[in-house]
Amino acid sequence: MTDMLPFSHHFSRPVAVSNGKAARVSETLMDYCTVLCDRGLSTMEAVEQLTYLLILKLEDELLSLQPSRVEESWPTIPEQYRWASLVQRQEDDLVACFDEILAHRSHHGAGTMLGGIFTGAQNHVHDAKLLRRLVHDLFQATTWSMHGADVLGGAYDALLEGAMNDVKSSAGQYFTPRPLIEAVVEVLQPKLTDTVADPACGTGGFLIGVHKYLLRNQSARKSPTERNHYRTGQVRGDELVSRTARLATANLLLHDVASAEQIALVSVCDALAQPPCRRASLVLAHPPFGRHAAMPIGPSSTSRHDTPERADFVTGSIDKQVNFLQHVMSSTAEGGGRAAVIVPDNVLFATGAAEIVRRNLVDQFDVHTVLRLPAGAFDSVRVAANVMFFDRPPRRPDAHPRTTKVWVYDLRSGRRRAPGHASLSRSDLNDFVSVYLPGRPRTERVETDLFRCFDVQDVLGRYQARLDLSYPSEAPGTAHLAPPEEIALDVARDLRLALKEFDKLVAELSGDVS
């Protein structure tokens, strides 16, 4: 297929992002999201309802512009299950009509980008007057496709960010700060020849970040055939939570990462359940924070075991982050594959399974850079985290570790984040991008006050394979301790997680399992 149909004829290639327009569109959507929440919907439910209506409206606009092309793409969707049917209904049967549309769309188009948005869709707006306001005052009153992918995609991403970081929501773990994504992608310098994978894709931030980078740096020099091959065959994401996968699919579609009728880029699955079906030359991941994720033994069993059985794993572990790190290792292509994975601090220093995995990682991969993020970098999730960068070189017959030098950039020094502090900004990461020297040999790197180099033999010997490395004069784990209030919050969070696990265990032992 050489001439893919974008979701809108305006969505071919975004130019400079119009931040002002995107902010205004996002503010409008957030206002209606607030109205829905005031009527009893959760923030995520409100975003879902707005997403369904927005996509239906955009589909209708494309239908009016290129009806023959749309009919070729979606011939199985009757008129009564499209936007025009909603506009024609009065308040008395508007809610029933929306129910019918979502019920039909949830069972049709499976496997495509458009179908992925509506899979499992349900109407939660049962107030006919409110639904009429959404249909007529918000969506019907505007030609949404005129904004283009830069504005509409940016506005939708901002809507997701606001929803994910809502203090009443536990979904903040799914949203990676966009400035961090931009910096990570910039230093890794993706190519159109890369196969890109995100095994915990959340709302699709990393996949969109790669897409934007390619548009700025490579896509204009490639043919439509090469660009379409990348879009359809070289990008994939996995997401465990179906609701988040639907929002990710909509986000990718609105950013024109894919076209509506092509095969879905996001799979709803447990990435840890089995080895990757294929390896990728570029793996980017921000696995959800959390610990001790026990797994059911079988679909009809109430028993649980703590360790996923994977022949490709170095060791079993009850730590979800350790297992995700192993999954990223398995997913990275041999002979030059690159990876960046966000992990909490404990993965860098914990003993047991975490140490076994770190030693294998340093031995079999080139763990060249660790970016230590300030506490509170992820809104609504107060976890100290890091970005680990590593490559997978070709196999060698000798027994020397593939890692030779580990460079550590400390973004925590002298930067404490008080409650309510703004998120990471791009300017916070400019120095890291500069000293990383993207595209240049790492032998040209120079140490600074924040960027230090450690020899692999010291890492494996003196530091016991710990990667929470600090200045040579200090022991790992002792420098730049968080303030007491941050440590207390982390302790409280771990206690809450432990209590939840105990509650599950008590329920299983008593036979009270739903």
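The values are calculated or read from the model by the stated rules, or taken from the named source; none is laboratory data. Everything quoted here is computed from the prediction, not taken from an experiment. Neighbour counts are summed over all protein chains in view; Cβ atoms, including those assigned to glycine, are modelled from backbone coordinates with ideal geometry. We work out accessible area using only protein heavy atoms, side chains counted, and drop any ligands, DNA or RNA first. Shrake-Rupley method; radii C 1.70, N 1.55, O 1.52, S 1.80 Å.
Structural remarks
- Close Cβ contacts (under 7 Å, 6 or more residues apart or on different chains) running from residues in region 376-395 that are on the phi > 0 side of the Ramachandran plot to residues that are open to solvent by less than 20 Å² (accessible area, probe 1.4 Å) and modelled with pLDDT of 85 or more are absent.
- Residue within region 318-328 that is surrounded by 21 or more Cβ atoms within 10 Å (Cβ to Cβ), closer than 24 Å to L424 by Cα and polar (S, T, N, Q) present: yes
- Flag for A158 being assigned to a loop (DSSP other than H, G, I, E, B), surrounded by fewer than 21 Cβ atoms within 10 Å (Cβ to Cβ) and among the aliphatic types (A, V, I, L, M): no
- Near pairs, Cβ below 7 angstrom, 6+ apart or cross-chain, from region 437-449 (within 11 Å of V187 (Cβ to Cβ)) to any residue that is of a type in the set (K, R) and assigned to a loop (DSSP other than H, G, I, E, B): L437/R445
- Within region 43-68, being touching a residue at least 12 places away in the same chain (Cβ under 8 Å) and farther than 22 Å from L94 by Cα holds for T43, M44, L62, L65, Q66.
- When A399 is tested against (1) at pLDDT 95 or above; (2) open to solvent by 60 Å² or more (accessible area, probe 1.4 Å); (3) out of contact with any strand residue (DSSP E or B) (no Cβ under 9 Å at 6 or more places or on another chain), just one condition goes unmet, and that condition is (1).
- Test: residue in region 243-262 that is assigned to a helix (DSSP H, G or I) and charged (D, E, K, R): yes
- Some residue of region 290-302 being closer than 29 Å to A375 by Cα and either modelled with pLDDT of 90 or more or among the acidic types (D, E) (or both): no
- Pick from region 331-353, criterion in a helix (DSSP H, G or I) and open to solvent by 10 Å² or more (accessible area, probe 1.4 Å), ranking: nearest to R442 (Cα to Cα): F349
Yes/no matrix, rows are residues, columns are (1) within 18 Å of D198 (Cβ to Cβ); (2) modelled with pLDDT of 90 or more:
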position	(1), (2)
T332	yes, yes
A340	yes, yes
N346	no, yes
T351	no, yes
N360	no, yes
F365	no, yes
H368	no, yes
F378	yes, no
V383	no, no
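- Candidates V322, V357, V328, V362 - the one that is part of a helix (DSSP H, G or I), without any contact (Cβ under 8 Å) to a residue 40 or more places away in the chain, among the aliphatic types (A, V, I, L, M) and out of contact with any His (no Cβ under 6 Å at 6 or more places or on another chain): V322
- Unique residue being at pLDDT below 90 and either within 14 Å of the chain's Cα centre (by Cα) or open to solvent by less than 10 Å² (accessible area, probe 1.4 Å) (or both) when the list is G172, G202, G209: G172
- Only a single criterion out of (1) more than 18 Å from L188 (Cβ to Cβ); (2) modelled with pLDDT of 95 or more is not satisfied by P419, namely (2).
- Helices (runs of 4 or more DSSP H) fully within region 4-95 that include at least 2 residues being under 23 Å from the mean Cα position of the chain (by Cα) and modelled with pLDDT of 80 or more: 19-38, 43-65.
- Verdict on R227 being at pLDDT below 90, open to solvent by less than 40 Å² (accessible area, probe 1.4 Å) and in a helix (DSSP H, G or I): no
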